[in-house]
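Below is one structure, written out as structure tokens; the observations come after it.
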Amino acid sequence: MKHIRALCALLSATLLGAFASSADALTGVSPWAQADVVAASSAGLMPDTFAALEAKSSVSRAEFCAVALNLYEAERETTIKRTSKVYFDDCDDPDVNTAYEMKLISGRGNGVFAPDESVSRQDLCVILDSVRTSCEVDKPETSVSASSFPDGDDLRDYAVSATETMLSAGIIKGVEATTSNDPEHAGETVTLLQPQGTATREQALIMASRFLDAFDAEPLKPSDLMDSVAADVEDEEEPEAEQFDTEEIEDEQEPDETVEEDDETDDTTQNLTMDDLVPVAGSVEERLVEVFGEGGGYYTDAATAQSHMVKVTVPVWKLLSSGQKIQSTQTIEVNEAIADKVQAVFEQIFEGDEQFPIKDVGGYSWRNSEKSEHRQGTAIDINYMENMECTIDSDGNVVKITTGTHWTPLTDPYSIPAGGDVVRAFAEHGFAWGGDAWTSKRDFMHFSYFGT
């Protein structure tokens, strides 16, 4: 694959003139970026949607999904069929929904993707690292730390590993900025990470092109594609649907009496009636006082909330593609009042017989909803894609999936079993599980200190 990329680079100069006049090309490409953008286009990385768009404008979330899919196809020398399913209320773009099925991207929750918003540099790194993982490319040794940048603390916890991977591989680089707020060093330049900043369309293509140079994956055979991707992509024989509904989830299930007979052994029926609930220690009233004090209440602004947050590093099991589990750690930002409890919960999970694997975990996040416990730092999400959030009817059947793709604890090691080590550890320390806490909703990834 490397020699093909080298040939593309040699042809870049020849193609520059033709590219500049092409109606399918980006417009206004910066002189310094022209050769790299042509190389990216020659490698098949430029989406059709970029035709005649401004190169120096910020790349949107939907646009970068198209780049990510093209990158996956170029890296593994294959073609990915775009899905016709729609997982988001605000986006029916096939590239976005296919990237979601392939677990390259995630939404904002509650059926929202925000396709037209610009992508932050840290999220670009997260998506690129998801492509690397999907291409089964080993993670390179980290040689560049985010903390080496003056603004490294601005990088969110969930993006640290991915960003440092992309920095170490030379795919993303620091940004030169002029010092202006320090009179003694006025006019001097400093290299910033700018994780919350955005990237332009031409920069996005260049990052993808650098990815091809940095990582070399094995071509994907048709049989590999069936094993690794087709299970997540819509079956051509199934009827098209704009959203998940009960019929899709149940996969042509038999009448109700058959479901009841198979309920303990078949996790594809998706009847989510829960029995033998694990009791949660303590009372909500006690926990509210513990966190906010007597007479206190939920934080109403992000600054106040942030002042009460701390970072906790916890032990976790990581699951390798070989099936082996290895010891690792995750860092979570949570309310300072429950930091010790969170530490104890994850230590208990780590020491449990299941050795439950954790690949992603989220804690504090300032959200719009005043009822959100994430913005209080008292809620934790684990393995969101494999532990879906959904609405259910009065019989426990899935009505609509709003976040994630599935919950199949009998077959997917990342799905949290009801009554298992994870649920019991959280319950013993006062956390309710979204998998059994409510009557009209299931949120299998979600553990909350006040039960909301």
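So which of 85/441; 81/311; 103/371; 173/341; 85/341 end up more than 32 Å apart, counting from Cα to Cα?
With Cα atoms farther than 32 Å apart: 81/311; 173/341; 85/341.
Each residue of the stretch 333-349 is assigned a 3J(HN,Hα), and the resulting list reads 9, 9, 5, 4, 5, 10, 4, 5, 5, 4, 4, 5, 4, 6, 5, 5, 4 Hz, derived from the Karplus form 6.51 cos²θ - 1.76 cosθ + 1.60 (θ = phi - 60°), x at Gly and Pro. If R0 is taken as 22 Å, the Cβ-Cβ distance between residue 49 and residue 81 corresponds to a FRET efficiency of 0.80. Apolar share of the accessible surface for the stretch 315-441: 46 percent from carbon plus sulfur atoms, 1.4 Å probe.
Taking the three principal axes of the alpha carbon atoms in the stretch 280-401, the coordinate ranges are 51, 38, 28 Å, sorted in descending order. Phi angles across the stretch 190-200 convert, under the Karplus curve 6.51 cos²θ - 1.76 cosθ + 1.60 with θ = phi - 60°, into 3J(HN,Hα) values of 9, 8, 10, 7, 6, x, 8, x, 10, 10, 7 Hz, Gly and Pro given as x. So for the stretch 28-92, what percent of the C-alpha to C-alpha distances run longer than 19 Å? Cα-Cα pairs of the stretch 28-92 separated by over 19 Å account for 39 percent.
Would you mind working out the magnitude of the charge dipole of the stretch 342-442 relative to its Cα centre, with +1 at each Lys and Arg C-beta and -1 at each Asp and Glu C-beta, to the nearest 20 Debye? Write out the running numbers ahead of the final one.
Numbers: 8 positive and 16 negative charges, 95 e Å.
The calculated dipole for the stretch 342-442 is roughly 460 debye.
Put simply, the convex hull of the Cα atoms in the stretch 21-167 casts, on average, a shadow of 10.0 nm².
Run the numbers for residue 139 and residue 32: contour at 0.36 nm per residue of separation, minus the present Cα-Cα distance, in nm.
Gain on stretching residue 139 to residue 32: 35.5 nm.
As a calculated quantity, the FRET efficiency between residue 440 and residue 112 at R0 = 25 Å, using C-beta atoms, amounts to about 0.80. Annotation for residue 191 and residue 318: the two label points, set 7 Å from Cα along the Cα-Cβ direction, are 2.5 nm apart. Measuring from centroid to centroid over Cα atoms, what is the spacing of the stretch 409-429 and the stretch 119-150 in Å? Cα centres, the stretch 409-429 to the stretch 119-150: 29 Å. Sequentially through the stretch 314-320, phi angles give Karplus couplings (6.51, -1.76, 1.60; θ = phi - 60°) of 10, x, 9, 9, 10, 9, 7 Hz, Gly and Pro residues having no value and appearing as x. Rounded to the nearest 20, the size of the Cβ-charge dipole of the stretch 283-412 about its Cα centre is 460 debye, with Lys and Arg at +1 and Asp and Glu at -1. Here is the P(r) of the stretch 395-452: all C-alpha pair distances, binned every 5 Å from 0, give 4, 18, 28, 26, 17, 6, 0 in whole percents. Between residue 175 and residue 92, the FRET efficiency from the beta-carbon distance, with R0 = 45 Å, is close to 0.85.
The values are calculated or read from the model by the stated rules, or taken from the named source; none is laboratory data. Note that the structure is a prediction, hence the values are computed from the model and not measured. Don't worry about glycine lacking a Cβ; one is built from the backbone with ideal geometry, like all the others, and counts go over all protein chains shown. Each accessible area value is taken on the protein alone, full model and side chains, heavy atoms only, with ligands, DNA and RNA left out. Shrake-Rupley method; radii C 1.70, N 1.55, O 1.52, S 1.80 Å.
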